[in-house]
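A short reminder: the numbers here are calculations on the coordinates, not readings from a lab. Owing to the predicted nature of the structure, the values given are computational and were not obtained by experimental measurement. Here the Cβ positions follow ideal geometry from the backbone for every residue, glycine too, while neighbour counts run over all protein chains shown.
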Amino acid sequence: MPEVYFQQQEQRVVVPSGTTILAAARRAGIIVESPCDGIGTCGKCMVRLVDAAPEHYRCEEAHYQLSTDQLAESMVLACHTQVLGDLTVLAADTEKQNRSLKIVSGGAGFEYPLDPWITKKFAAGRTKVFAGDQFVGEEDGDTTEKLYGLAIDIGTTTLVAALIDLRSGKELASLSALNPQSLHAQDVITRIHMASKPEGLKLLHDAICAAFNHMIGELCQDTGVAAEHIYEVIYSGNTTMLHLACNVNPELLGQFPYTTVMKGGNTLPAGELMISPFGDIYLPPIISAYVGPDITSGVLAGQLEKKPGTTLFIDIGTNGEMILAQDGRLAGTSTAAGPAFEGMNITCGMRAGDGALEFYQIEEDGSTKTHVLGDGEAVGICGSGLLDIIGELVRVGVIGKTGRLIQPAKGKYPDALKASMKEKDGKPVFYVTNNVYITQADIRQVQLAKGAVRAGVEMLMAALGVAPEKVDCVQIAGSFGYHLQESSLLNQGMLPAAFRGKVEFVGNTSQSGAKAFLTNRGTRSYMERLVKDIRDVELSQDPKFQDVFVRALGF
Amino acid sequence: MTQTGNQADHLAQAIAAMEVEEAAAIAAAVVTTGCFTMDWIEKGITAGMGQASRLYEEGEYFIPELLVCAEAAEAATRIFRPLMDDSAAAGKGRVVIGSVQGDTHDIGKNIVALVIRSAGYEVMDLGRDVPARAFVEAAETFQADVIALAALMTTSMPHMEDVIHLLQAQQLREQYFVLVGGKPVSAAFARRIGADGYAASAGTAVRWVEKVTRDKQEISRQEKK
């Protein structure tokens with residue numbers, strides 16, 4: 001059987017002939033990022049073959065096309081290249097880049113009295129622990145001062161865990177990390193597909209539990225808190241993430257009529273989490289398959305149902321999940337924006353780690369201002385940078401109304417920018433820095449993504465009969481949302497122009513809502529009731545959606 | 001080029017340039033002057049949509065532009081339709097299309113259906129979330145040449161294979177060409193499930209349909225001889 005040598009990681013693995021390089025890497029425990037789970041659409045699992053004999057591998061045709069430059073450099077897609085003989089593979093070590101991920105952990109919150117679900121009572125030398133007034137266990141001595149909980153936001157890409165002192169409500173420490181599932185399957189649908197098979201579900205569930213336990217260990221070490229004094233964990237995240245974290249097959253979420261197996265609004269034994277043996281996990285109520293507990297937490301954190309007037313709340317990510325609240329009436333929906341905002345399906349796209357261009361602005365003279373995460377030069381573009389770039393290029397006319405890159409000869413934009421319009425592989429590209437560029441296909445991806453969000457906003461407003469001018473406040477949530485600028489969203493028409501001056505970025509409200517669930521038990525029954533009254537606006541069944549979406553594609 | 005060919009070229013250009021009213025006006029003029037022949041369909045409408053889908057593939061056009069082109073083609077076809085002889089229109093072939101079971105995304109599929117229809121094919125669009133059985137039954141009653149399957153989600157892709165299995169179970173596999181497409185679909189996937197073809201865009205879909213139906217007619221003509 002052939003042997004594959006992963007040079008960078010200095011690891012060898014023997015596999016049956018015909019195995020893909022990606023499968024070989026997984027078998028060797030090496031992470032080759034495969035956001036599309038190997039179906040060949042994203043191109044991110046590209047690896048280099050070192051002096052490979054042509055008969056030692058076979059490349060299958062994939063949706064993603066490698067450029068002539070890449071082919072010349074012996075690059076192949078790990079997922080679509082079969083191992084037929086011994087190979088030496090150069091796969092990037094992405095761990096360092098992912099360690100530097102920029103994640104927003106805090107979100108806007110509200111005032112509420114401290115009244116945690118978990119309480120303790122000391123009597124006769126023993127401390128009794130209660131969950132919702134029910135006795136769950138006993139500890140030796142007086143441990144009443146040691147009472148902690150964990151609020152976890154399970155994002156599709158990133159995890160944030162905060163250790164909370166349940167006696168004071170104070171956050172002792174907070175930690176963020178890459179969701180390890182995203183290395184195997186980037187977007188929600190791909191993850192559902194993977195987890196529909198038992199071995200896929202096990203891989204994803206085990207990966208996330210290991211990540212949680214790792215974070216618990218680190219938080220305890222940083223704060224001196226003993227893990228056995230953590231009694232409760234809140235899982236806030238989208239519906240799919242909750243299914244996977246609870247080891248529940250999410251298959252039904254990926255098939256019309258998109259039903260959920262879990263409903264949320266309940267507690268489970270903490271099981272595999274390394275906390276107190278009588279600890280539990282609370283799952284906030286689920287609104288629908290694609291409007292999840294992260295949004296329930298967001299509604300709670302923003303107190304949307306209590307706000308007078310009209311508020312639009314949007315969590316922009318792979319899915320644009322949104323709630324429209326009008327004087328206590330709430331409706332929610334979700335649109336498939338795709339992974340472009342995560343930097344996926346974009347030629348120079350990347351996550352918000354070191355080297356990511358996250359801010360881009362064009363001055364009047366055509367000079368540009370950029371900001372890159374970390375110290376070095378830009379190596380790619382993350383979601384917020386991408387939206388800045390597109391918003392600015394639309395504003396100055398480098399990108400036309402239909403989304404077409406305008407050639408310098410026909411364009412009326414500053415000369416300084418005309419020099420940045422070049423050709424690559426015979427196609428026009430626009431260079432935003434010396435080596436980072438945007439292609440026509442990238443712009444099309446953004447059009448699809450922003451068109452989906454805009455169409456969702458329009459359909460939701462129509463469902464409640466709200467005109468854009470009547471919206472008083474627009475809250476953009478999510479860790480991605482925090483790095484955005486209002487002008488970028490308006491310039492490209494992701495949001496109606498009537499929203500100018502009304503947009504606020506509220507940060508990770510999934511996280512701040514989770515904290516409220518942890519420290520105030522009344523919020524649970526309150527939200528469990530409220531969620532039932534949130535009208536679910538289902539877009540895919542509405543015949544008007546196509547027209548609205550198509551109209552929303554232009555700039 | 002013949003006289004009709006030259007004029008039909010104007011119609012093709014109007015369609016490719018998104019000029020809906022101009023396309024309708026040219027068609028109306030042709031009908032009033034009584035110089036309509038089936039050439040207008042092939043060299044005007046089909047050629048115009050061919051140009052439009054090529055511009056789409058090159059990145060010049062995007063979905064809204066392609067839809068306006070299709071609207072122009074449809075406007076002209078509507079005017080020609082009373083004069084078209086049925087056999088000629090049906091002669092190009094019939095296509096059954098739909099989004100497979102479990103998938104309610106259909107904008108991409110709608111575009112493919114439009115482009116194939118504007119190329120002169122009879123298209124039966126079964127909509128979305130279409131079970132395998134419905135595809136096979138429709139193909140039988142409609143006497144289709146091609147069954148075109150769409151999926152946007154990785155999770156609904158396996159249902160494409162269901163259609164092929166059902167065709168095999170009913171001994172109908174050889175009767176139809178099966179074409180698959182959609183964002184997560186690839187040529188390798190098409191081969192794996194035993195589909196006849198894969199199309200990455202509306203333009204490639206229509207060119208593939210033209211090729212297989214032409215080959216089929218060629219073979220049946222030879223068999224008749």
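Note the direction-averaged projected area, equal to a quarter of the hull surface, for the Cα convex hull of segment A:229-269, in nm². Please report the intermediate quantities before stating the final value.
Details: hull surface 12.8 nm².
Over all viewing directions, segment A:229-269 projects a mean Cα-hull area of 3.2 nm².
Per-residue Karplus couplings for segment A:287-304, computed as 6.51 cos²θ - 1.76 cosθ + 1.60 with θ equal to phi - 60°, are listed in order as 7, 7, 4, 10, 10, x, x, 5, 7, 4, 4, x, 5, 5, 4, x, 6, 4 Hz, Gly and Pro entered as x.
What percentage of all Cα-Cα pairs in segment A:107-200 are separated by more than 24 Å? Write out the running numbers ahead of the final one.
Working: 2024 of 4371 pairs.
It works out to 46 percent of all Cα pairs.
Quick one: order B:D215, B:D103, B:D196, A:D37 by neighbouring beta-carbon count within 10 Å, fewest to most. Intermediate results must be reported in sequence, preceding the final value.
Values: B:D215 11, B:D103 27, B:D196 17, A:D37 23.
Final ranking by Cβ density, sparse to dense: B:D215, B:D196, A:D37, B:D103.
Per residue and in Å³, how big is the convex hull formed by the alpha-carbon atoms of chain B?
Once divided by residue count, the hull of chain B is 128 Å³.
Counting DSSP beta bridges with both partners in chain A, what percentage is antiparallel, nearest 5? Could the numbers behind the result be given before it?
Values: 73 of 101 bridges.
Counting DSSP beta bridges with both partners in chain A, the antiparallel share is about 70 percent.
All Cα-Cα distances of segment B:139-217, cut into 10 Å bins from zero to the largest, leave 18, 54, 27, 1 percent in each bin in turn.
Would you calculate the convex hull of the Cα atoms in segment A:334-415 and tell me its volume per residue in Å³? Before the final figure, lay out each step's value.
Details: hull volume 9.2 nm³, N = 82.
With only Cα atoms used, segment A:334-415 gives 113 Å³ per residue.
Between the helical axis of B:132-142 and the dominant principal axis of chain B, each derived from Cα atoms, what acute angle in degrees is found, rounded to the nearest 10? Around 40 degrees separate the two axes. In the distance distribution for segment A:1-144, Cα-Cα pairs more than 22 Å apart total 56 percent. As a ratio to 2.2 N^0.38 Å, the alpha-carbon radius of gyration for chain A is 1.01.
Converting phi to 3J(HN,Hα) with the Karplus coefficients 6.51, -1.76 and 1.60 and the offset θ = phi - 60°, segment A:388-403 yields 4, 4, 5, x, 5, 5, 5, 4, 8, x, 6, 10, x, 4, 8, x Hz in sequence order, with x at every glycine or proline. Dimensions of segment A:282-325 from C-alpha coordinates, computed as largest minus smallest value along each principal axis and given longest first, are 27, 25, 14 Å.
Three semi-axes describe the equivalent ellipsoid of segment A:247-391; taken as square roots of 5 times the Cα gyration tensor eigenvalues and ordered largest first, they are 35, 22, 16 Å. Cβ crowding within 10 Å, taken as a proxy for footprinting-reagent exposure, orders A:H214, A:H80 from fewest neighbours to most as A:H214, A:H80. Working ranking of peptides A:449-455, A:408-414, A:460-466, A:207-213 by packing, defined as the average number of other Cβ atoms within 10 Å per residue, highest first, is A:449-455, A:207-213, A:460-466, A:408-414. Which of rounded, prolate or oblate describes segment A:1-62 when judged by the alpha-carbon gyration tensor and an a/c cut-off of 1.5? Taking the square roots of the gyration eigenvalues as a ≥ b ≥ c, segment A:1-62 is oblate.
Given segment A:510-555, report the % of alpha carbon pairs whose separation exceeds 15 Å.
Details: 671 of 1035 pairs.
For segment A:510-555, the fraction of Cα-Cα distances above 15 Å is 65 percent.
Restricting the calculation to Cα atoms, segment A:172-231 yields a radius of gyration followed by a Dmax of 14.2, 40 Å. Taking Cα atoms only, the orientation of helix B:158-169 departs from the longest principal axis of chain B by about 80 degrees. Per-residue Cβ neighbour counts within 10 Å put A:T333, A:T223 in the sequence A:T223, A:T333, beginning with the fewest.
Note the direction-averaged projected area, equal to a quarter of the hull surface, for the Cα convex hull of segment A:217-311, in nm². Don't skip to the answer; put the middle values down first.
Numbers: hull surface 32.1 nm².
So the Cα hull casts an average projection of 8.0 nm².
Computed from Cα atoms, the angle from the helix B:47-57 axis to the main principal axis of chain B rounds to 50 degrees. Counting only residues at least eight positions apart within a chain, or on another chain, the lysines with an alpha carbon under 20 Å from that of A:K544 are A:K450, B:K109. Here the mean projected area of the convex hull built on the C-alpha positions of segment A:470-555 is 7.7 nm².
Find how much the distance from A:V261 to A:K470 grows on full extension, using 0.36 nm per residue of separation minus their present alpha carbon separation; answer in nm with one decimal. Present the calculation step by step, with values, prior to reporting the outcome.
Details: separation 209, 0.36 × 209 = 75.24 nm, distance 3.70 nm.
Stretched fully, the A:V261-A:K470 segment lengthens by 71.5 nm.
The mean sequence separation of alpha-carbon pairs under 8 Å and at least six residues apart, normalised by the residue count of segment A:48-207, gives a relative contact order of 14 percent. Between the C-alpha center of segment B:96-131 and that of segment A:254-333 there is a gap of 34 Å.
Taking only the alpha carbons of segment A:406-540, we obtain Rg and Dmax values of 20.5, 64 Å in that order. Helical runs assigned H by DSSP (4 residues or longer) give the protein assembly as shown a calculated mean residue ellipticity at 222 nm of -11000 deg cm²/dmol, each run adding -39500 (n - 2.57) before division by the residue total.
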